Amino acid sequence: MPRHPAPDLIAFAHALLEHAGLDPDKAATVAAILVEADLLGHTTHGLALLAPYLAEIAKGAMAKTGEPRVLADLPAAVTWDGQRLPGPWLTVRALTLAMARARIHGTCTVVIRRSHHIACLAAYLQRVTDEGLMVLLSCSDPTVQSVAPCGGRVAAYTPNPIAAAWPTAGDPVMLDVSMSITTNALTNRLTRERKKFPGPWALDAAGHPTDDPAVLSAHPPGTLLPTGGLDHGHKGYAFALLVETLTSALAGHGRALPPEGWGASVFLQVLSPALFGGGESFHRETTHLAAVCRATPPRPGVERVRLPGEAGLHRRAEQLTHGVDLHPSILPALAPWAEKYGLSLPDR
């Protein structure tokens, strides 16, 4: 497949979103975050989300303009009502605030209720580590249930990803891990493509393990397994409950209230190492452990030990140079929107 320069994709996404009615600054932020996800290789959570986002805007489910409503504002603890504004824009705004305050207070936490979907968590991380700061980021969707608690067979919550990143003397360490064995987006893609999971990642409605992603859209529906699967799913289950508490419970708006549509409750925290044990000591420790891990002899069949996020950062650098390798389903899904707004698709 032909590749596309990242700036061209950002400009195309920006134009679509602005034609759909988003404020220019919101359109710019959403476009940049979606393309950043594709640069890192998260192809289900990059421009693959643009067509669904445009549909949400068209039906009034994503707010086009406005500001978050401030519910609480202490020096290091902030709560917003996102008022269903674009999730990537809200998250970048919150990170900008948290970074500024963390430099003064050592840390700042922002929780957001009633955000729209926030896309790929990994796409936000490097903007924080580039400033010498550490970040924790998580989200849940109070409207959706697709993951069963360990031992159950009916979905109770969402994949509930946890992301974090911190600087070293070299590249940052970056992680973005769902608390389900896979994501809803990949499940939906595999279902459309009539493909299977690599293993028994789901349960059918009767509670039997299966590699068929289509069970989640069956009637009655099946469910995804927690991270850890059949053997150690209690671990993913426990962390999923933690995410629900950090996001919806702290923000004061979640599953106990009537659903409002596709969206997110968001938790983010920025920490300044300089105001804890000191920036120099922090880098000494993170760099040392990174080096120890990389130097560990690999087991048979493994080329070398890598750090979390290393492959994504390598892929990002390569795609910035040679163009973004879009999943083949993305541009066909955007073609009707480009036609609607009189725009041309990026050169193929």
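Each row is one residue, and each column tells you yes or no for (1) at pLDDT below 95; (2) under 25 Å from Thr187 (Cα atoms); (3) touching an Asp or Glu at 6+ places or on another chain (Cβ under 8 Å).
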{"position": "Pro2", "(1), (2), (3)": "yes, no, yes"}
{"position": "Asp8", "(1), (2), (3)": "no, no, yes"}
{"position": "His14", "(1), (2), (3)": "no, no, no"}
{"position": "Ala20", "(1), (2), (3)": "no, no, no"}
{"position": "Pro24", "(1), (2), (3)": "no, no, yes"}
{"position": "Leu40", "(1), (2), (3)": "no, yes, no"}
{"position": "Thr43", "(1), (2), (3)": "no, yes, no"}
{"position": "Gly60", "(1), (2), (3)": "no, no, no"}
{"position": "Pro68", "(1), (2), (3)": "no, no, yes"}
* **Residue in region 278-288 that is out of contact with any Asp or Glu (no Cβ under 6 Å at 6 or more places or on another chain) and assigned to a loop (DSSP other than H, G, I, E, B) present** => yes
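Tell me, which residue of region 115-129 that is surrounded by fewer than 24 Cβ atoms within 10 Å (Cβ to Cβ) and touching a residue at least 40 places away in the same chain (Cβ under 8 Å) is nearest to the chain's Cα centre (by Cα)? Explain how you work it out, then say what you get.
So the first thing to find is which residues in region 115-129 are surrounded by fewer than 24 Cβ atoms within 10 Å (Cβ to Cβ), and the list is 117, 126-127, 129.
If we keep only those that are touching a residue at least 40 places away in the same chain (Cβ under 8 Å) as well, we get 117, 126, 129.
On the way: His117: 9, Gln126: 13, Thr129: 17 Å.
Result: His117.
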Condition set surrounded by fewer than 23 Cβ atoms within 10 Å (Cβ to Cβ) and among the aliphatic types (A, V, I, L, M), scope region 226-242, selection modelled with the lowest pLDDT: answer is Leu230
With the first residue restricted to region 329-348 and required to be free of Cβ contacts under 8 Å to residues at least 40 places away in the same chain, and the second required to be surrounded by 14 or more Cβ atoms within 10 Å (Cβ to Cβ) and among the hydrophobic types (A, V, I, L, M, F, W, C), Cβ contacts under 7 Å at 6 or more apart or on different chains are Leu331/Leu345; Ala335/Leu345; Ser344/Ala338
Given the conditions (1) within 30 Å of Gly106 (Cα to Cα); (2) within 23 Å of the chain's Cα centre (by Cα), every one holds for Gly233 apart from (1)
_Criterion first (within 19 Å of the chain's Cα centre (by Cα), without any contact (Cβ under 8 Å) to a residue 24 or more places away in the chain and on the phi < 0 side of the Ramachandran plot) does Thr96 satisfy it?_
yes
Inside region 1-29, the number of residues satisfying the requirement of being more than 17 Å from His322 (Cα to Cα), surrounded by fewer than 21 Cβ atoms within 10 Å (Cβ to Cβ) and touching a residue at least 40 places away in the same chain (Cβ under 8 Å) is 6
Subset of region 146-178, residues part of a strand (DSSP E or B), of a type in the set (Val, Ile, Thr) and under 26 Å from Ser281 (Cα atoms), comes to Ile162, Val173
(Q) When you scan region 46-54, do you find a residue that is hydrophobic (A, V, I, L, M, F, W, C), on the phi > 0 side of the Ramachandran plot, in contact with a His (Cβ under 7 Å, 6 or more places away or on another chain) and touching a residue at least 40 places away in the same chain (Cβ under 8 Å), even just one? (A) no
The condition of being in the same structural domain as Ala164 (by TED's automatic domain parsing), of a type outside the set (Lys, Arg) and surrounded by fewer than 23 Cβ atoms within 10 Å (Cβ to Cβ) holds, among Thr91, Thr43, Thr96, only for Thr96
Restricting region 290-348 to residues that are surrounded by 16 or more Cβ atoms within 10 Å (Cβ to Cβ) and of a type in the set (D, E, K, R), the one farthest from Arg192 (Cα to Cα) turns out to be Glu310
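The values are calculated or read from the model by the stated rules, or taken from the named source; none is laboratory data. This is a predicted model, so every value here is computed, not measured. Cβ coordinates were reconstructed from backbone atoms using ideal geometry, including for glycine residues, and neighbour counts include every protein chain displayed.
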